[in-house]
Amino acid sequence: MNIVLLGAPGAGKGTQASLIAEQYQIPHISTGDIFRKNIKEQTPIGVVAKSYIDKGDLVPDDVTVEIVKNRLEEDDCKNGFILDGFPRNVYQAEALLKIAELDVVLDVDVPLEDLMARLTGRRVCSGCGESYHVSTLGGRNTCAKCGENLYQRADDNEQTVSERLEVYRENTQPLIDYYKSKKLLKSVNGAQDKEKVFDEVRSVLDNL
Ligand code: AMP
């Protein structure tokens, strides 16, 4: 199954992508994670990506498309994949059309006004990548799953989040209509517990 997950920053795409990957045994490919790994390892791609990510802007399309193309050519994608964070604009969507055939595009729908609080309060596990919100942590700073420390992403500050949400509205939201017109779009309500969101996701995927 070849799946694209759409949704604004903070909509819970990463969480749903991990759950889908586990349940359906397909790789979870997050362009944001790939960039963060490159930044940590200070690769040439990481150096380029950091200057855009720190401002909340999109990394240039040529760099991003090349990364995704190479990743989708790997063996583990033969039986399907789940793309999280790509495509983020119509140019990338058109490029993806030439690389792979999609079975479904899942839009995780959350009211835009909820996203600032979700993102600025987000804490991520440095070990397994699990996401939490400060309001549920009760001051704890370690992961309930693996025990590693939690951290706040550098781009989850208020100013960068504002820019990311604006970039989403301008560049990524139009993809909803784009994929609707291609009859690939299914929406799930992302404004509920992650288990409930995943119930909806499963019901869509099992009925394809
Ligand atoms: P994410 O983890 O998906 O929120 O992505 C974090 C940041 O990585 C974004 O704000 C962008 O700067 C960059 N990024 C991730 N995916 C893409 C993409 N498909 N195109 C361009 N930039 C991206």
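Rule-based calculations on the coordinates, nothing more; no lab input. Keep in mind that this is a model prediction, so the values were computed, not measured. Glycine also receives a Cβ, built like all others from the backbone with ideal geometry; neighbour counts cover every protein chain displayed.
Any residue at all in region 141-151 that's touching a helix residue (DSSP H, G or I) at 6+ places or on another chain (Cβ under 7 Å), surrounded by fewer than 18 Cβ atoms within 10 Å (Cβ to Cβ) and either more than 21 Å from Ile34 (Cβ to Cβ) or touching a residue at least 40 places away in the same chain (Cβ under 8 Å) (or both)? Spell out how you get there, then give the answer.
Quick first cut of region 141-151, residues touching a helix residue (DSSP H, G or I) at 6+ places or on another chain (Cβ under 7 Å) only: none.
No, every residue in region 141-151 fails to be touching a helix residue (DSSP H, G or I) at 6+ places or on another chain (Cβ under 7 Å), surrounded by fewer than 18 Cβ atoms within 10 Å (Cβ to Cβ) and either more than 21 Å from Ile34 (Cβ to Cβ) or touching a residue at least 40 places away in the same chain (Cβ under 8 Å) (or both).
If you scan region 79-89, which residues turn out to be in a loop (DSSP other than H, G, I, E, B) and within 9 Å of the ligand (Cβ to nearest atom)?
Gly85, Phe86, Pro87, Arg88, Asn89
Does Lys186 satisfy the condition of being out of contact with any helix residue (DSSP H, G or I) (no Cβ under 8 Å at 6 or more places or on another chain) and within 23 Å of Ile20 (Cβ to Cβ)?
Details: out of contact with any helix residue (DSSP H, G or I) (no Cβ under 8 Å at 6 or more places or on another chain): no; within 23 Å of Ile20 (Cβ to Cβ): yes.
Answer is no for this residue.
Test Tyr178 against the criterion of being assigned to a helix (DSSP H, G or I) and surrounded by 14 or more Cβ atoms within 10 Å (Cβ to Cβ), and give yes or no.
Spelling it out, Tyr178 is indeed assigned to a helix (DSSP H, G or I) and surrounded by 14 or more Cβ atoms within 10 Å (Cβ to Cβ).
Determine if region 121-136 includes at least one residue that is of a type outside the set (D, E, K, R) and in contact (Cβ under 8 Å) with a residue 60 or more places away in the chain.
yes
Looking at Asp114, Asp76, Asp156, Asp107, can you tell me which residue is assigned to a loop (DSSP other than H, G, I, E, B), touching a residue at least 12 places away in the same chain (Cβ under 8 Å) and acidic (Asp, Glu)? Can you show your working first?
Values: Asp114 fails: assigned to a loop (DSSP other than H, G, I, E, B); Asp76 fails: assigned to a loop (DSSP other than H, G, I, E, B); Asp107 fails: assigned to a loop (DSSP other than H, G, I, E, B).
Only one candidate qualifies: Asp156.
Go through region 81-110 and count every residue that is surrounded by fewer than 18 Cβ atoms within 10 Å (Cβ to Cβ), over 14 Å from Ile176 (Cβ atoms) and out of contact with any strand residue (DSSP E or B) (no Cβ under 7 Å at 6 or more places or on another chain).
5
I'm trying to understand the selection: among the residues of region 19-61, which are touching a residue at least 40 places away in the same chain (Cβ under 8 Å), in contact with a Lys or Arg (Cβ under 9 Å, 6 or more places away or on another chain) and β-branched (Val, Ile, Thr)?
Ile20, Ile29, Thr31, Ile53, listed by residue number.
Are there helices (runs of 4 or more DSSP H) fully within region 1-61 with at least 2 residues that are aliphatic (A, V, I, L, M) and within 10 Å of the ligand (Cβ to nearest atom)? List them.
31-40, 44-53
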